[in-house]
């Protein structure tokens, strides 16, 4: 993707992904789900998970899976509130950007046909 993904957008995507699993989900699955929208490495994603946990937007717990511990992340009430704010802001932001890009495309087609 040619667009840079800022920290707030990455936080919003991670919170949205985690929110789809009421009981929580684990890091590798979060990475795979996030990669459906943007190209991100695990080394980029784990600091985001830790930051969201530190900010009390996510809580983490460990469960055994095939003889190993697997860390799961679950969205908190604070994280759900933050996600609602991100969704509201995204609606406004994406509408404005889409409008500008559409108008530019329309104007170029009109001029250059």
Item to check | Per-region count, segment 70-84, residues part of a strand (DSSP E or B) and closer than 18 Å to residue 10 by Cβ | outcome: 2
Next on the checklist: Can you list residue pairs whose Cβ atoms sit under 8 Å apart, with the first residue in segment 51-69 being over 14 Å from residue 24 (Cα atoms) and the second being assigned to a loop (DSSP other than H, G, I, E, B)? Count only pairs 6 or more apart in sequence or on different chains.
Outcome noted: 56/76
Item to check | Tabulated pairs, segment 1-13, first modelled with pLDDT under 90, second surrounded by 10 or more Cβ atoms within 10 Å (Cβ to Cβ) and not in a helix (DSSP H, G or I), C-beta under 7 angstrom, 6+ apart or interchain | outcome: 1/38; 5/38
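Among the residues of segment 37-69, which ones are in contact with a helix residue (DSSP H, G or I) (Cβ under 9 Å, 6 or more places away or on another chain), at negative phi and exposed (fewer than 15 other Cβ atoms within 10 Å of the Cβ)?
Of all residues in segment 37-69, those in contact with a helix residue (DSSP H, G or I) (Cβ under 9 Å, 6 or more places away or on another chain) come to 37-38, 40-42, 44-46, 48-49, 51-52, 55-60.
Now restrict to residues that are at negative phi: 37-38, 40-42, 44-46, 48-49, 51-52, 55, 57-60.
If the condition is that a residue be in contact with a helix residue (DSSP H, G or I) (Cβ under 9 Å, 6 or more places away or on another chain), at negative phi and exposed (fewer than 15 other Cβ atoms within 10 Å of the Cβ), then 37, 38, 41, 42, 44, 46, 55 are the ones that fit.
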Next on the checklist: If I filter segment 91-112 for residues that are at pLDDT 95 or above and part of a helix (DSSP H, G or I), do I get at least one hit?
Outcome noted: no
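The values are calculated or read from the model by the stated rules, or taken from the named source; none is laboratory data. Nothing here was measured: the structure is a model prediction, and the numbers come from that model. Glycine gets a Cβ as well: all are built from the backbone with ideal geometry, and neighbour counts include every protein chain shown.
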